[in-house]
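The values are calculated or read from the model by the stated rules, or taken from the named source; none is laboratory data. What you see is a predicted model, and the numbers here were worked out from it, not measured in a lab. Please note: Cβ atoms are built from the backbone with ideal geometry, for glycine as well, and neighbour counts cover all protein chains shown.
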Amino acid sequence: MHRWFFANEREECEPKVQDDEPRTDQDAGEATTPQAVPTTEWPFCVKFHRSLGANEYVAISGNCDSLGSWDPKKVFILAKEVCPDCMCKCYQLEATLEIPRNIDIHYRYCVVVYDPKANEVYVRFWESQLKPRVIRTCQNMLKRCDTFGKPHDDDEDNQVDRGWATTETIVHLKLFNAPFLWQRQKQRLLHVHVQPMFEVPEDTCSAANRPIKVGSSDTRLSRHLEAPQGDNLDLGLALIEVVNLRNPKALAFQCEFGVPCGPEDLQLFHCSIAYPAETLYRLDLFTYAHKAASDEPPYHYGYGFLMPSQLLGTEGSARVKVTCASTHRPLMEMCVRYLIIRPLESFPCDLSRSYERYWRKSRQCMNIGHKGSGNTYRIGCDLVRENTVYGFKQAALANADMVELDVQLTQDAQVVVYHDLVLRFLLQRLPCYEDLLENQDLLVFAYEKLNKLMLLSMGGCKRNNLVAIPLEAFTYEQLKEVRVLRFAGSKGCDMSCDRMLAEQRPFPLLLELLAEDLLPLGMGFFIEIKWPQMTSDRRWESGSFKPTFDRNFYVDTILELVLKHAGQRRIVFCSFDADICAMVRYKQNLYPVTLLLEDPSAQVQYADQRVNVLETAVAMGHSLEFLGLTLHANSLLNKFATMAFLHLLNLEAFAYGSPTTSLEIRNRLRRHGVLGIIYDRLDQLDQVGEELEADTICTIDSVTTRRVIRETELEEWRLKAAHVHVFAFAFAFAFALPGKDLTFLRFRSYGHRPAAVKDDETAFETGYPGQLKDNGFGLGCDFLKGCECVRSRTHKLDSGQRIVWAVPPAPKGVSSEWQDAYPADGRIGPSAKLSANPYPNPIQNGQCPIFHIGSSSIVIIIIINTFHGHGLAT
């Protein structure tokens with residue numbers, strides 16, 4: 001049987017047995033000499049069953065130097081041969097490379113576009129399965145020829161994806177809904193063909209032999225683009241593919257006479273350009289005669305040129321003047337919307353691994369915490385705030401698989417986690433504490449960092465009694481010192497009050513959340529990239545403003561941060577902006593992307609058809625190879641066939657929305673086959689808590705508002721002191737023995753103090769001493785060690801008795817206001833009701849009872865901590 005190679009060697013699969021003889025000093029010296037790495041000339045062979053373009057090649061990349069070390073610019077191009085034993089006349093590509101035999105060799109095949117003169121390689125397609133092909137150290141060369149795209153026997157483990165932008169630029173030209181500006185012509189269906197071109201410099205030597213005719217142009221086709229670094233014409237990349245988002249199809253090359261651009265068509269031209277600054281685009285328009293036969297070709301209606309000087313910035317629209325093809329006179333205009341996706345230069349990706357479209361089939365549906373612990377809600381007198389470190393830790397304690405968080409950029413390009421695109425500041429009086437407690441969340445900015453004049457200069461807009469300012473107008477220095485007047489008490493004494501309040505402040509940095517010591521590494525991040533959207537009524541969503549950031553800079557900043565610091569944490573990107581999703585997909589090849597869709601029953605929808613029409617979103621996700629879609633629960637509940645439609649196109653789905661708070665709805669979505677469900681309050685089965693009705697408002701701690709802010713702050717602390725104090729009970733249960741007593745003690749402290757109060761000094765008050773008979777166990781208050789909010793002292797009297805008292809700390813520089821807010825009523829002393837009530841109510845007045853009953857030699861101390869902040873530690 002004929003083979004394409006011969007088995008000329010066989011390596012050992014088992015390690016050699018070590019000799020038991022002792023090694024001499026001479027042997028030890030020889031061992032220190034570095035040994036040469038054994039290598040082998042290994043023949044690689046792969047069959048390719050699809051057609052290749054004129055400048056497309058099949059290449060190989062792997063984890064050794066001869067295979068390029070996974071660098072997409074150092075792939076080895078295989079030689080093309082005719083398959084000897086294949087009836088379908090597929091390509092067989094071969095190469096013999098020297099590989100080391102002391103390690104396992106991992107490798108992948110890819111299809112690239114290669115420019116031999118410029119020495120540039122652009123990845124078109126590549127085998128992106130999670131586990132690459134492998135050559136074991138014990139494996140010999142007697143093996144079958146590989147098949148491109150099928151490294152494993154199981155088809156579910158095989159994956160071939162499109163490449164990403166390495167050094168080339170991707171330009172999206174969007175011809176949606178027939179963007180033609182007709183004048184007096186009769187409207188008809190036009191077919192558009194896009195051809196990239198460039199301007200050739202005039203050759204003075206051949207000018208005499210090839211004179212320029214009148215009316216001609218020096219424009220040539222783009223297969224000979226001019227390299228900007230040299231004078232020679234190099235073969236540059238200029239590939240045009242197109243897809244109609246009305247139909248879920250893959251990107252494909254355009255036909256000879258273009259694609260139809262009717263009122264219902266959404267034609268997206270995907271252009272891969274090597275030198276975008278030197279490339280222009282010729283748009284040729286074709287149309288068919290009214291009574292044309294089926295085999296009759298269309299006639300040339302007109303043409304126009306989209307110049308590179310018209311493509312300003314990352315996105316926009318340009319008007320192209322269309323000239324009549326027969327008379328060469330102005331005919332009409334067409335509006336072309338464009339998006340330029342530049343490569344991510346700060347973090348080059350490689351071919352070693354990819355999770356873009358990989359998801360383990362056996363994995364169960366994930367529980368994803370919406371904004372951590374959910375939308376901002378109140379439960380009792382506590383306020384649990386969204387997108388805070390406290391909320392993410394609450395989700396981690398509830399064993400959340402992932403947490404959904406919203407990221408956006410500040411003016412100084414810091415990536416902060418916050419949902420709203422606009423901050424609203426009060427112009428007039430502050431709301432009373434009762435209104436604030438019921439409806440709103442108030443953020444206080446320091447006057448030194450911000451004032452009303454600065455708000456107006458930052459682009460603020462007055463709306464009723466508020467001033468609205470986009471978040472991107474603030475620096476992180478202005479945001480990080482914000483104070484919160486409402487908070488949720490901590491459930492232990494494992495952290496200080498300042499740290500507890502810091503974790504509940506808004507605007508945490510994404511960099512801090514990615515740290516492994518802050519949140520569990522096993523909890524992934526579902527990152528939504530915020531970007532203002534235009535609604536169907538031609539207004540910016542939620543009263544936001546037109547963004548000022550460049551999209552490439554905006555996305556690059558977020559991607560660079562995640563790619564460098566995420567480590568092994570699972571990451572999924574999503575956005576309501578379809579262009580943001582496309583940029584994330586083609587700027588990197590590591591993390592998956594999903595397109596977010598709005599609730600179909602919402603009154604106000606987005607203007608972009610790619611996110612407000614499910615079929616269009618599915619077509620875009622399929623053509624651009626997203627992981628899937630993030631759908632509102634109503635989209636799945638109202639149409640049960642949606643999941644089957646997505647799976648047919650190799651797309652997945654996540655679900656979110658208010659209906660997901662119901663356990664029954666979540667179970668139904670799991671049966672539909674969603675990958676994850678994003679919902680609020682994962683730690684509560686009964687969804688206890690009430691979301692705030694009004695939006696978050698901000699104010700400035702100025703002279704006019706300082707008194708009201710202080711009163712509001714005092715009232716909040718007074719409320720916390722009244723409802724969530726420390727109530728520690730010490731119980732000693734034992735059997736009665738003569739001469740032994742059981743002592744019940746109750747301690748009370750005031751829990752949290754404002755961040756402005758220093759914690760370095762604590763004043764003690766004598767209080768009422770409670771006598772404790774010496775029972776030989778030395779009880780005292782040793783069990784209070786480690787508690788910061790309660791201090792205790794014990795003294796042994798001459799008579800053998802102990803005096804114990806515990807009092808709350810007094811803040812340094814205490815004022816009369818703080819004295820009113822924190823009366824010293826937490827002392828330990830004798831109870832006047834001791835004889836009448838031997839088991840007093842532990843939550844009664846400030847008196848703390850002490851009484852005695854018979855006890856045994858065994859004493860058990862139980863501390864019950866019902867405080868949501870600092871308490872007593874056992």
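Figures for the structure shown
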item: Which listed residue, of 507, 487, 573, is aromatic (Phe, Trp, Tyr) and modelled with pLDDT under 90; result: 487
item: Selection status of residue 560, within 17 Å of residue 420 (Cα to Cα) and either assigned by TED's automatic domain parsing to the domain that holds residue 463 or touching a residue at least 40 places away in the same chain (Cβ under 8 Å) (or both); result: no
item: Segment 43-73, residues that are hydroxyl-bearing (Ser, Thr, Tyr) and either within 19 Å of residue 137 (Cβ to Cβ) or out of contact with any helix residue (DSSP H, G or I) (no Cβ under 8 Å at 6 or more places or on another chain) (or both); result: 51, 57, 66, 69
item: Top-ranked residue in segment 303-335 [being within 31 Å of the chain's Cα centre (by Cα) and outside any loop (DSSP other than H, G, I, E, B); ranked as farthest from residue 164 (Cα to Cα)]; result: 317
item: Of all residues making up segment 563-584, the number that are over 22 Å from residue 317 (Cα atoms) and surrounded by fewer than 23 Cβ atoms within 10 Å (Cβ to Cβ); result: 9
item: Residue that is surrounded by the fewest Cβ atoms within 10 Å (Cβ to Cβ) [pool: residues in segment 686-705 that are out of contact with any helix residue (DSSP H, G or I) (no Cβ under 8 Å at 6 or more places or on another chain) and part of a strand (DSSP E or B)]; result: 690
item: Among the residues listed as 288, 303, 338, the single one being free of Cβ contacts under 8 Å to residues at least 60 places away in the same chain and within 25 Å of residue 260 (Cβ to Cβ); result: 303
item: Residue under evaluation residue 521, criteria (1) under 16 Å from the mean Cα position of the chain (by Cα); (2) surrounded by 21 or more Cβ atoms within 10 Å (Cβ to Cβ), criterion not met; result: (2)
item: Among residues of segment 678-706, those that are of a type in the set (A, V, I, L, M) and under 21 Å from residue 365 (Cβ atoms), counted; result: 3
item: Sole exception among (1) at pLDDT 90 or above; (2) surrounded by 14 or more Cβ atoms within 10 Å (Cβ to Cβ) for residue 234, by number; result: (1)
item: Qualifying residue in segment 631-638 (condition: in a helix (DSSP H, G or I) and more than 16 Å from residue 597 (Cα to Cα)); result: no
item: Some residue of segment 243-258 being assigned to a strand (DSSP E or B) and under 24 Å from residue 323 (Cα atoms); result: no
item: Filter result (among the hydroxyl-bearing types (Ser, Thr, Tyr) and in a loop (DSSP other than H, G, I, E, B)) within segment 380-405; result: 388
item: Wholly within segment 36-87, strands (runs of 3 or more DSSP E) carrying at least 2 residues that are surrounded by fewer than 17 Cβ atoms within 10 Å (Cβ to Cβ); result: 39-48, 79-82
item: Unique residue being out of contact with any Gly (no Cβ under 8 Å at 6 or more places or on another chain), farther than 30 Å from residue 621 by Cβ and crowded, with 17+ Cβ neighbours inside 10 Å when the list is 306, 311, 268, 280; result: 280
item: Unmet requirement for residue 213, which otherwise passes all of (1) modelled with pLDDT under 80; (2) under 30 Å from residue 58 (Cβ atoms); (3) of a type in the set (Lys, Arg); result: (2)
